[in-house]
1. Can you give the angle from 0 to 90° between the axis of helix A:559-568 and the longest principal axis of chain A, with both taken from C-alpha atoms, to the nearest 10?
2. Please report the spacing between the Cα centers of the range B:152-207 and the range B:47-75 in Å, no decimals.
3. Please figure out what share of the DSSP beta bridges in chain A is antiparallel and state it in percent, rounded to the nearest 5.
4. I'd like the carbon and sulfur percentage of the solvent accessible area for the range B:18-278, probe radius 1.4 Å, heavy atoms only, ligands and nucleic acids excluded.
5. Quick one: accessible surface of residue A:396, probe radius 1.4 Å, all protein chains present, in square angstrom to the nearest 10.
6. List the GluC sites (Glu not before Pro) in the range A:386-491 that DSSP assigns to loop (not H, G, I, E or B) and whose Cβ has at most 15 other Cβ atoms within 10 Å. Which are they?
7. Hey, with R₀ at 45 Å, roughly what FRET efficiency would residue A:187 and residue B:272 work out to, going by the Cβ-Cβ distance, to 0.05?
8. Place the peptides A:171-177, B:265-271 in order of packing, highest mean first, counting for every residue the other Cβ atoms within 10 Å and averaging per peptide.
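The values are calculated or read from the model by the stated rules, or taken from the named source; none is laboratory data. For clarity, every value in this text was computed on a predicted model and none was experimentally measured. All Cβ positions, glycine included, derive from the backbone under ideal geometry; neighbour counts span all protein chains shown. SASA here: full protein model, heavy atoms, side chains in, ligands and nucleic acids out. Shrake-Rupley method; radii C 1.70, N 1.55, O 1.52, S 1.80 Å.
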Amino acid sequence: MEITFNIGGAAGQGIDTIGDLLNQVFVQAGFYTFTIKDFESRIRGGYNFIQIRVSDKPIHASVDHVDVIIALSKDAVIGQRDRLTQGGVIIFDEGIEFDDLEACHFSAPLEKTAREVGGNIRMMNAAALGAVLAVISFPFSLAEKALTGIFGRKGEKIVAGNVNVAKALYDLTKSDFKGTCSYNLETLDQGPCKAKLLLTGNKALALGAIAANLKWISSYPMSPSTSLFENIVAYSHQLKIGALQTEDEIASITMAIGASYAGARSMVTTSGGGFSLMVEALGFAAMVEVPIVIYNAQRPGPSTGLPTRIEQSDLLFMGFASQGEFPRIMLAPKDPIEGFDVATRAFNLADKFQIPVMILGDQYFADSVMNIPRIDASGVKRDQGKLAKSGPDSDYKRYLLTKDGISPRAFPGDKGKTIVSSGNVHREDGHITEDSEMRTLMVQKFMNKIPAIMTELNPPQVYGEEKSEITLLTWGSTWGAANEAVEVLASGGVSINQLHFCDVFPLRTAKLREVFSQSKQVISVEQNITSQFASLVRMQIGLGVTQHINKYDGRPMTPGWIISELEEGGIV
Amino acid sequence: MTESTPVLRHPMSKYIREDRQPFIYCSGCSIGIVTGMLARAIDNLGIDINKTVIVSGIGCTGRTSGYFKTGTYHTTHGRAIAFAEGVKIANPELEVIVVSGDGDISAIGGNHLIHACRRNIDMTVICINNMNYGMTGGQFGPTTEHERYSQTSPRPYGNLEHPFNLVKLAASSGATFVARWTAVQARRATKSIEKAIEKEGFSFVEIIGACPTAYGRMNRLGDGVTMHKHLLEVAEIQNGLPPHEAELDYATKIICGEFVNIEKPEYTAVLAEMQRKAKGE
């Protein structure tokens, strides 16, 4: 079973709420769901939509077609009708006037029923749900169960109201809808999926950071990163996390470095423009070897670009940002499950190597919703790395030269230790120096950390047959679309696999060399125009991919799009 | 063999790193005097030096932190206050003191200054205002007076811009303690620094200093001694004057005193209270 819904309307009309309801209904009924949000950078009006894909098999990507459209505005019909599959249906409120009604259209009294049956126009969401479920003949008993679960906390009256409105529309649709829908889920049983936690990438990162004992977050609002900050703010007082909204991104990262220096696990969240402002302090954190985690939810740039849309174009910028040379780690989670893991690893890596660790997301990762199994946070390990022995030590040197480049950390206020730091080149005791020998030693100290970083990072993963003629090279959030494209093509007999990187910097090269020697074609698939990851690969191992697939319109990649690109390129 | 003469140690040397002496400052500079004021204030208050963090930015005054025998942090240009806010909120037990120059604090770091005043985080900011960028050779800054000369506002025209009055800026931005002194009023300034440290809230102390090497030379203000004598002559003490009347005119009148000392809920205390409430305590 697989079905895709599209709920569209103007900003502020409540498409998210309908989406949440529909999502919950299918999650409670035991199905896998994958939801993308496509919205304009405005508060009211415009045309926004969410796409919910439901399946009895795990899914990780959006698609180009739609089976059922719920339109709250005329634009929402026009924007999607060309994507409607044969046998699909478009449902809209009877208030929207259409002169070219087709058989697949269903003009429903959503608002009227909400008002008359539920006594509350807000229950229009339940009305829409009822209409959709009726069109696809989804058993109402399953919907009722889900609605009770969703609204249970709000009391019986609200539950009853919503169920009644949904049922009224359900029945009315059953009798009044004259068209046909190719989906009939009348005999649907509980699905196979047990995963009930609906999570976005940003929320997964927030939970991971909390599990990692985050104690400080300072940020300046910037789409699409903001929801991570908001999620932590919501729990900050309970969990004793310092959460401060700063005057700008320069203050965000500088305060976070200060807090980390004082001993708090610290992070900042931003998007590319904000990260641009943070760059000077990035080098500062590196110079003073204070651990810091930076989340950049990338967006199409340059400048303000497309604030609410998708691109992976900050990879090289982040990899080489700041004057000077120093080690840094960059992680690009593919989905919420990996997001949680990446967040917990990021803090450990930052502490262990006393370097900046950067997490790269994008709107697709940040806002897409998946239902995942409950996360067991008890398995999260917290590794603070090398700490100085407690107790007085008048000889303590914050930047003690060691073989692995890592000096034991102590914090201001620690009894009997003096911690001195400077953004200038410094001696082992932290005081400024211009001595050439010490400068050389301190640069080498930074770089001596790299071998251990390399062994600590995760290697890339191969998906599909280990040995294939064609390999798609991907990183970060494009994993899902490419993965499904590979599955579809491989099941059709094409020898194709996927080599995917989460830990993108510094680059682990062993598997890459292996794949380059095995596969006839290595094709990079990236959400940017210059194939930045492929450039990084060439820089590191001197081997170039055979073809590039690039998307830079700000819209998500779909499996279908990747396959058509491969076909157009004569590859499959 | 010469007889060894007993070396007289400076009474404040217990707080100052003798191994970093001599200071990098030019002769006639005020920064050494202000460093002494801070050391004496710490001494007079008897606060735990081990729990004191001194943060500075970049520039001549930015080098102050490195001379103190405690946790010191020499940050990037303009960011001393932002950094210090992070330190203070993450560990409110620490006494956090920022010492930096007028260029660092009110030009590149001006945004952090006004917002820290507004937030009212318990810390003390000592701004040594020598009216120009000294470290880089004497360019005009946000405190350089109109038509004064500098490397970037040369003769015959001088500075096209107008200066900030930092007392007014800090007061109107919400600082709970605001004072101004000149470098020659060491005793009174030290007392204000003590009050500022003790104040549970954001305190701003401006010390008008002399930069004879750059600003003084370009504006023909005389050597260090002459400039400091002048500061004494034009300083006019007006404790309790409404801050918006605290005028500063280098040539004729520098109003000095304590202008703001108000009570306002302090950030880290409010935060601790929120956290207690959230835990249901």
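1. Helix A:559-568 sits at roughly 80 degrees to that axis.
2. Cα centres, the range B:152-207 to the range B:47-75: 19 Å.
3. Values: 28 of 76 bridges.
Approximately 35 percent, going by the DSSP bridge assignments.
4. Numbers: 5190 of 9650 Å².
Carbon-and-sulfur percentage of accessible area, whole number: 54.
5. Counting only protein heavy atoms, residue A:396 exposes about 20 Å² to solvent.
6. Values: sites: A:428, A:434, A:437, A:456, A:465, A:466, A:469, A:484, A:487; in loops: A:428, A:434, A:465, A:466, A:469.
Hits after loop and neighbour filter: A:434, A:465, A:466, A:469.
7. Numbers: r = 59 Å, r/R0 = 1.31.
According to the calculation, E is roughly 0.15.
8. Working: A:171-177: 15.1, B:265-271: 17.0.
Per-residue Cβ counts within 10 Å, averaged per peptide and sorted highest first, yield B:265-271, A:171-177.
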